[in-house]
1. How about region B:90-115: which of its residues lose at least 40 Å² of accessible area in the presence of all protein chains relative to their chain isolated, using a 1.4 Å probe?
2. Which one, A:25, B:48, B:110, projects farthest toward the positive side of the charge dipole computed for the protein assembly as shown from Cβ point charges (K/R +1, D/E -1)?
3. On average over all directions, what projected area in square nanometres does the protein assembly as shown have, based on the convex hull of its Cα atoms?
4. Hey, can you find the accessible area per residue of chain B for me, probe 1.4 Å, expressed in square angstrom?
5. If the cut-off is 23 Å between C-alpha atoms, which lysines fall inside it for residue A:3, apart from same-chain ones fewer than 8 positions away?
6. At 25 °C and 0.890 mPa s, what whole-number value in µm²/s does Stokes-Einstein give for the translational diffusion of chain A, with Rh from the Kirkwood sum over Cα pairs?
7. Using only the alpha carbons of region A:32-86, what is the convex hull's orientation-averaged projected area in square nanometres?
8. Give me the net charge of residue B:104's neighbourhood, meaning all other residues with Cβ under 13 Å from the Cβ of residue B:104; Lys, Arg count +1, Asp, Glu -1.
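The values are calculated or read from the model by the stated rules, or taken from the named source; none is laboratory data. Please read these numbers as outputs of a predicted model, since none were measured by experiment. Reconstructed Cβ throughout: ideal geometry from the backbone, glycine too, with neighbour counts over all protein chains shown. Note: accessible area is taken over every heavy atom of the protein model, side chains too, but ligands, DNA and RNA are not part of it. Shrake-Rupley method; radii C 1.70, N 1.55, O 1.52, S 1.80 Å.
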Amino acid sequence: LAKTTQPISMDSYEGQEVNITCSHNNIATNDYITWYQQFPSQGPRFIIQGYKTKVTNEVASLFIPADRKSSTLSLPRVSLSDTAVYYCLVGDMQTGRRALTFGSGTRLQVQP
Amino acid sequence: DTGVSQNPRHKITKRGQNVTFRCDPISEHNRLYWYRQTLGQGPEFLTYFQNEAQLEKSRLLSDRFSAERPKGSFSTLEIQRTEQGDSAMYLCATRRAGQSNSPLHFGNGTRLTVT
């Protein structure tokens, strides 16, 4: 199983760009990288997913270098409502034959 | 609402009692996953199903835990003889297998408190 390592916590201010990096040194060929956001007492919510290079959607960007051993979630111009825990999940989304396991996540605190 | 639905949202039980949680997936999502989450930790994988087949159950925490998905639609997670250490949030997630861009969709969980 691809083990992931993220910073435990990060602090930012409203309006700043936040980059959260996840290390996944033993990522497998079929593994995709997915990021989730979780608020207290709610289930994790999908943010973005990618396999390689760069992916962008309306809320975030995901940067994946060529070796795929890490990935960076970029949140542009964060607001107070972005205060949450962010999880990087690496797993075989193609066949789904292996369990999809989460790390401990990064707790982002956005200050006014 | 067409998201993943979990019931009940909260369950308080006494030690030694059995509890059962239900998960209703997004329609057409044939993969269903159960996770447990304790305070300050990421979701911990328990088991998953493809349709009605349970493909991985070795990660269930003990033989007191069991899960079913009898008709390939909703699923139940049962904990027998609950212990205080079972207190946690139990999350269900579903996705469409065979599509690499189909992420997990989570319900809002069932919070179990064992007294």
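1. B:95, B:100, B:103, B:104, B:106, B:108
2. Result: B:48.
3. Working: hull surface 49.0 nm².
The Cα convex hull of the protein assembly as shown, projected and averaged over all directions, gives 12.3 nm².
4. Per residue, chain B has an accessible area of 49 Å².
5. A:52, A:54, A:69, B:57
6. Numbers: Rh = 14.1 Å.
Value of D from the Cα-based Kirkwood radius: 174 µm²/s.
7. Details: hull surface 15.8 nm².
Spelled out: convex hull of the Cα atoms, projected over all directions, averaged, 4.0 nm².
8. Numbers: positive: A:45, B:31, B:95, B:96; negative: A:92.
That works out to +3.
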